[in-house]
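Everything on this sheet refers to the single structure shown next.
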Amino acid sequence: MNFDLLRRSAGGLRLGARRRTDLVGTDGLAPSYNGVMLAQRTLKSLARAVGVGMHSGQKVELTLRPAPPDTGIVFRRVDLPRPVDIPVNPSAVCDTRMASTISPGGDPGAPKVQTIEHLMSACSGLGLDNLRVDIDADEVPILDGSAASYVFLLQNAGIELQDKPKRYWRVTRPVEVREGEGDKLMWARLEPHHGFLLTFEIDFGHPAVDATGQQVTFDMGSGRYKRDIARARTFGFSKDVAAMRSRGLTLGGAMDNAIVVDDSRVLNAEGLRYDDEFAKHKVLDAIGDLYIAGPMLARYTAFRSGHALNNKLLRRLFAETGAVEPVTFDDAAKAPSGFAELAPAW
């Protein structure tokens, strides 16, 4: 499926009026000929972040820039002799080992950007459609290991409504991917739903993780992404660190950007941010992985899924004829509850 073509052509009814930012309200709505439409969103100003890559361990700076309507989210490797743009879409994903990594056309030999899922999750939680991300290394900084720092940066830059209708992918029939059997079974499913509802169940068979909530259900229309999901941190097991680092992974991991668990307990002095932080981080990751396709109207249910299975689910969704369709809401009253409101500032 040609995602660039769909980004340009899937808008449904289009505005004919010239841009009028003075008429865009603060409630997530913008004017249209037929009343009030649900509008695309970008940033009002620049935002910058400096940190280290979780897997590369390299220092990295990124700059988040406003982008015109219908741009989507585009990463730009500005450290290369000739900058390379990498538009975000499911076919751009080239690696899913421990993170979601993208490259132009999904070419594993091309310039890439690793670990995009936390920033993508924050963009989904704030409803950002159009963004340019300049980055001077090959991995998005991990910051505190959650999406909260990105939510803070994006909200400080301000959210601006645009004069084009916001586009969603509406799932029209169930799609599922499964792998493994018995205690190795994992699966993920998308089903039709007027909204965006996620349910994720974990099963690590580890005493410290098993003592926390194993299943989380989150409704994106609740407006509680920042409070209930964004602060959940990535996590890892101390017994796996040496093996992962020998493969070039988690070189930047530390207790200030991840939950670290030994054979029986959480090692971080401050403990957990949520009683079910492990499961909530898997929901955070799933939100970011699915937002690689853009805003979605669907119910997502998963058991022990991860970046690889989430991407396989998206690819199957768009490969199956009639399983998904683009929609806009020129009448915002017909949009799912809570989708029109802007997230409150910090």
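Let me spell it out: the conditions are (1) in contact with a Gly (Cβ under 9 Å, 6 or more places away or on another chain); (2) open to solvent by 50 Å² or more (accessible area, probe 1.4 Å); (3) of a type outside the set (Ser, Thr, Tyr); (4) at negative phi, and Ile229 meets all of them except one. Which number is the exception?
Among (1) in contact with a Gly (Cβ under 9 Å, 6 or more places away or on another chain); (2) open to solvent by 50 Å² or more (accessible area, probe 1.4 Å); (3) of a type outside the set (Ser, Thr, Tyr); (4) at negative phi, the lone unmet condition for Ile229 is (2).
Just one of the numbered conditions (1) basic (Lys, Arg); (2) in contact with a strand residue (DSSP E or B) (Cβ under 9 Å, 6 or more places away or on another chain); (3) over 30 Å from Ala333 (Cβ atoms) is not true of Lys164; which one?
Looking at each condition in turn, Lys164 falls short on (3).
Check off (1) part of a loop (DSSP other than H, G, I, E, B); (2) over 26 Å from Met186 (Cβ atoms); (3) out of contact with any helix residue (DSSP H, G or I) (no Cβ under 6 Å at 6 or more places or on another chain); (4) open to solvent by less than 20 Å² (accessible area, probe 1.4 Å) for Ala340 and give me the number that stays unchecked.
It fails just one condition, (3).
So Pro81 fits all but one of (1) in contact with a helix residue (DSSP H, G or I) (Cβ under 9 Å, 6 or more places away or on another chain); (2) not in a helix (DSSP H, G or I); (3) not hydroxyl-bearing (Ser, Thr, Tyr); what number is the exception?
(1)
So if I check each of Pro141, Pro165, which one is buried (at least 20 other Cβ atoms within 10 Å of the Cβ), touching a residue at least 40 places away in the same chain (Cβ under 8 Å) and over 20 Å from the mean Cα position of the chain (by Cα)?
Details: Pro141 fails: over 20 Å from the mean Cα position of the chain (by Cα).
Being buried (at least 20 other Cβ atoms within 10 Å of the Cβ), touching a residue at least 40 places away in the same chain (Cβ under 8 Å) and over 20 Å from the mean Cα position of the chain (by Cα) holds for just one of Pro141, Pro165, which is Pro165.
Restricted to segment 319-337, and to residues that are open to solvent by 20 Å² or more (accessible area, probe 1.4 Å) and not in a loop (DSSP other than H, G, I, E, B), which residue is farthest from Asp163 (Cα to Cα)? Talk me through it step by step, then tell me what you get.
Of segment 319-337, the ones open to solvent by 20 Å² or more (accessible area, probe 1.4 Å) are 319-322, 324-326, 328, 330-331, 333-334, 337.
Then keep just the ones that are not in a loop (DSSP other than H, G, I, E, B); that gives 319, 324-326, 328, 333-334.
Values: Ala319: 31, Val324: 25, Glu325: 22, Pro326: 18, Thr328: 13, Ala333: 17, Lys334: 18 Å.
So, considering only residues that are open to solvent by 20 Å² or more (accessible area, probe 1.4 Å) and not in a loop (DSSP other than H, G, I, E, B), the one farthest from Asp163 (Cα to Cα) is Ala319.
All but one of (1) part of a helix (DSSP H, G or I); (2) among the small types (Gly, Ala, Ser); (3) open to solvent by 20 Å² or more (accessible area, probe 1.4 Å); (4) more than 27 Å from Val74 (Cβ to Cβ) hold for Gly253; state the number of the condition that does not hold.
Here Gly253 meets the rest and fails (1).
Residues being in a helix (DSSP H, G or I) and buried (at least 24 other Cβ atoms within 10 Å of the Cβ): count how many of those fall in segment 289-310. Explain how you work it out, then say what you get.
Our first condition is that a residue be in a helix (DSSP H, G or I); within segment 289-310, this holds for 289-290, 307-310.
Next cut, buried (at least 24 other Cβ atoms within 10 Å of the Cβ) only: 289-290, 310.
The total comes to 3.
The values are calculated or read from the model by the stated rules, or taken from the named source; none is laboratory data. Here the structure is a predicted model, which means the values were calculated and not measured. Cβ coordinates were reconstructed from backbone atoms using ideal geometry, including for glycine residues, and neighbour counts include every protein chain displayed. Calculation scope for accessible area: heavy atoms of the full protein, side chains included, ligands and nucleic acids excluded. Shrake-Rupley method; radii C 1.70, N 1.55, O 1.52, S 1.80 Å.
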